[in-house]
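First up is the structure itself, then whatever we jot down about it.
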Amino acid sequence: MASITLKLVSLLISSFAIVQMTMAGDPDILSDFVVPPNVTNPDGTFFTFSGLRVLVGAPPPPTFKVTKVSLAEFPVLNGQSVSYAVLQFPAGTTNPPHTHPRSAELLFLLEGSLQVGFVDTTNKLFTQTLQVGDIFVFPKGLVHFQFNADVQKPALAISAFGSANAGTVSLPTALFATGIDDNVLAISFKTDVTTIKALKAGLAPKP
């Protein structure tokens, strides 16, 4: 009897783990929306984000810039499993290889052109050159990039995410600016410590 009970418990735990994996992402909420403790009487303003108004009519930034509309900037997104980002690419700039561990990304190109791509778990690269009006999807958790190869014209894109907090892991920063031992990186990249130190110096914050 004890062994049957143990097997049943093990089966229940395994089933729960599988369900949790298939439901990975933002947790469901049991109300229409979540009101933060500091908000006592939500009205239409609570559901409105005006932080992108500064972009309207503004000149392009001198370097690549991302303006996020995620849980941190817009608390009403808590539990809604959506967020946005506006990506501004001056001529010749890139959004370096990175991942979003909690969401896929759906990019819509509004201005200019972009070279985009991602690498799947078999290390196959998928690339495309987008024109205005094109949409491209970067699957959840996979390494991807965007590059404005035009040396004269800027590019502008909007990205939608299936999470209120998709997260961003920048590979250059994660690898070379977080304190991983130089010898580990040198062996991993089949190079020498001097080269690794040069890469780290290039990513150091500018004074």
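The values are calculated or read from the model by the stated rules, or taken from the named source; none is laboratory data. No experiment lies behind these values; they were computed from the predicted model shown. Please note: Cβ atoms are built from the backbone with ideal geometry, for glycine as well, and neighbour counts cover all protein chains shown.
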Check your understanding: If I196 satisfies every condition in (1) more than 21 Å from T94 (Cβ to Cβ); (2) touching a residue at least 40 places away in the same chain (Cβ under 8 Å) but one, which is the exception?
Key -> (2)
Point to revise | Identity of the residue in the range 130-183, among the hydroxyl-bearing types (S, T, Y) and in contact with a strand residue (DSSP E or B) (Cβ under 8 Å, 6 or more places away or on another chain), that ends up farthest from I196 (Cα to Cα) | key: S163
Review point. Does any residue of the range 126-133 turn out to be part of a strand (DSSP E or B) and within 19 Å of K68 (Cβ to Cβ)?
Key: no
Study note, to complete from the structure: Scanning the range 116-138 residue by residue, the ones that are closer than 19 Å to H100 by Cβ and surrounded by 15 or more Cβ atoms within 10 Å (Cβ to Cβ) total 7
Review point. For residues in the range 56-70 being among the aliphatic types (A, V, I, L, M) and modelled with pLDDT of 95 or more, which is surrounded by the most Cβ atoms within 10 Å (Cβ to Cβ)?
Key: V69
Revision key, fill the gap. Here the residues within the range 151-189 that are more than 14 Å from A201 (Cα to Cα), loosely packed, with under 13 Cβ neighbours inside 10 Å, among the polar types (S, T, N, Q) and out of contact with any Gly (no Cβ under 9 Å at 6 or more places or on another chain) are N183, S188
Practice item. Starting from the range 48-69, take each residue that is under 25 Å from S81 (Cβ atoms) and in contact (Cβ under 8 Å) with a residue 12 or more places away in the chain and list its partners that are acidic (D, E) and surrounded by 10 or more Cβ atoms within 10 Å (Cβ to Cβ), counting only C-beta distances under 9 angstrom and pairs at least six apart or across chains. Key: F49/E73; G51/E73; T67/E73
Practice item. Please work out if V132 is under 13 Å from A157 (Cβ atoms), modelled with pLDDT of 95 or more and not acidic (D, E). Key: yes
**Study point:** Matching residues in the range 64-90 - criterion: being closer than 19 Å to L109 by Cβ and either in a helix (DSSP H, G or I) or not small (G, A, S) (or both)
**Key:** F64, K65, V66, T67, K68, V69, Y84, V86, L87, Q88, F89, P90
Point to revise | L107 buried (at least 19 other Cβ atoms within 10 Å of the Cβ) and within 28 Å of F176 (Cβ to Cβ) | key: yes
